[in-house]
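Read through the structure below, which is laid out as structure tokens, and then see the notes.
The values are calculated or read from the model by the stated rules, or taken from the named source; none is laboratory data. Not measured: the values here are computed from a predicted model. So basically every Cβ, Gly included, is an ideal-geometry build from the backbone, and we count neighbours across all protein chains shown.
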Amino acid sequence: MRIGVPKEIKPDEYRVGLTPASVRELVHHGHEVLVEAGAGDGVGVRDADYVRAGARMLPAAAEVWAGAELVVKVKEPQPVEYAHLRRGLVLFTYLHLAPDPGQTAALLKSGCTAIAYETVTCPHGSLPLLSPMSEVAGRMAVQAGAHCLEREAGGPGILLGGVPGVRAASVVVLGGGTVGTNAIRVAMGMEAQVTVIDRSLARLKELDFQFGGRLNTIYSTVEAIEHYVADADLVIGAVLVPGAAAPRLVTREMVRAMRGRSVIVDVAIDQGGCCETSRPTTHSKPTYVEEGVVHYCVANMPGAVARTSAFALNNATLPYVLALAGKGWWQALADDAGFRAGLNVHEGVLTCPAVADALGLPWTPAEGLVG
């Protein structure tokens, strides 16, 4: 199979769909890999590294898209890339369609087959291709929040961990999944006072066993969120409903009740955000102030640590790329129900129920297409 790797063009996105090690593995299995010149620059990988791995370098993105049967990316296609989408092309990348009707319409119109990293599942329900970036984003959320708490960054001038004689910052983490767990780990390591709010008692018990009495575990209700958010210096939105729009847990009234210059880091912004006042930002302009509260809502947080993120992502995606290339997309998805859950669009048909529900569109079960 011919596999294409175009350079990412989303603002402030430096990751790359395939690293040279992944390219070498694919070539070893008999596949041809087309890489756009400069695709690896953002992670410190040179074109010569791809050539040594067996890739064929092409000077323009259009040539990569036109020559590939399977395109492997990191972020969703941008509007200028929609013209490259076509029937018969398989696109494998993060899509996050629930808050993005424009992209959804473009994919449906193109007739391509689009498989989303974020909705691929494992038998026990975990999200193997979202997890590595969730780990990165969870850890980065605390770094970003700690910086935003500084006065120069617009915050109240609070040191996350405090010092002897001065209390540490109060950090509230909404959601105890992969993002939340990693945020908790870093925040507690920096000696903040941390509360996690989740609707799963089983998950709260696991977190209690993992982190002990220093972590405050609270069952999620509107009253609990309202109470703890109002007293927080830093709120980290870490909720996720696979494929669907994020639930709006923090209302504008709750934000208004927070102390002035406190901080919200909404990691859920890729799926629309879990705060009513959240809207996407970029690494070049990461924050804004709404209701007197600093909001950090960067939609591709792991892109700031592109090298770590790209290599971590490739560790997770490579087995799936090998399956797509070796078996063809239909057989790869037919053989693996979890992989099949990643199918979002096929030849003008929407196949992800969570996306369909978020956008009010009809859908067809993937099993009816590849089962």
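Key figures
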{"quantity": "Filter pass, Leu249 being of a type outside the set (D, E, K, R), at pLDDT 95 or above and not assigned by TED's automatic domain parsing to the domain that holds Leu107", "calculated": "yes"}
{"quantity": "Candidates Gln103, Gln143 - the one that is of a type in the set (S, T, N, Q), crowded, with 16+ Cβ neighbours inside 10 Å and not assigned by TED's automatic domain parsing to the domain that holds Leu359", "calculated": "Gln143"}
{"quantity": "Single residue of segment 315-371 satisfying the filter (touching a strand residue (DSSP E or B) at 6+ places or on another chain (Cβ under 8 Å) and surrounded by fewer than 17 Cβ atoms within 10 Å (Cβ to Cβ)) that is nearest to His124 (Cα to Cα)", "calculated": "Thr364"}
{"quantity": "Residue that is farthest from Met140 (Cα to Cα) [pool: residues in segment 274-288 that are surrounded by 20 or more Cβ atoms within 10 Å (Cβ to Cβ) and free of Cβ contacts under 8 Å to residues at least 60 places away in the same chain]", "calculated": "Thr277"}
{"quantity": "The one condition in (1) in contact (Cβ under 8 Å) with a residue 24 or more places away in the chain; (2) part of a helix (DSSP H, G or I); (3) surrounded by fewer than 17 Cβ atoms within 10 Å (Cβ to Cβ) that Gly303 fails to fulfil", "calculated": "(3)"}
{"quantity": "Any hit, segment 209-220, residues being at pLDDT 95 or above, assigned to a helix (DSSP H, G or I) and closer than 20 Å to Ser134 by Cβ", "calculated": "yes"}
{"quantity": "Residues of segment 311-370 classified as part of a helix (DSSP H, G or I), under 21 Å from Leu97 (Cβ atoms) and not aromatic (Phe, Trp, Tyr), total", "calculated": "21"}
{"quantity": "Matching option when the condition is assigned to a helix (DSSP H, G or I) and closer than 18 Å to Ala137 by Cα, among Val239, Val186, Val194, Val172", "calculated": "Val186"}
{"quantity": "Pair list, Cβ < 7 Å and 6+ apart or interchain, from segment 79-106 residues that are closer than 23 Å to Pro280 by Cα and of a type in the set (Gly, Ala, Ser) to residues that are outside any helix (DSSP H, G or I) and modelled with pLDDT under 95", "calculated": "Ala98/Gly243; Ala98/Ala244; Ala98/Ala245; Ala98/Gly272"}
{"quantity": "Any hit, segment 289-296, residues being free of Cβ contacts under 8 Å to residues at least 40 places away in the same chain, within 30 Å of Glu13 (Cα to Cα) and either basic (Lys, Arg) or assigned to a loop (DSSP other than H, G, I, E, B) (or both)", "calculated": "yes"}
{"quantity": "Filter result (assigned to a helix (DSSP H, G or I) and either over 17 Å from the mean Cα position of the chain (by Cα) or more than 18 Å from Pro353 (Cα to Cα) (or both)) within segment 105-136", "calculated": "Ala105, Ala106, Leu107, Leu108, Lys109, Ser110, Ser131, Pro132, Met133, Ser134, Glu135, Val136"}
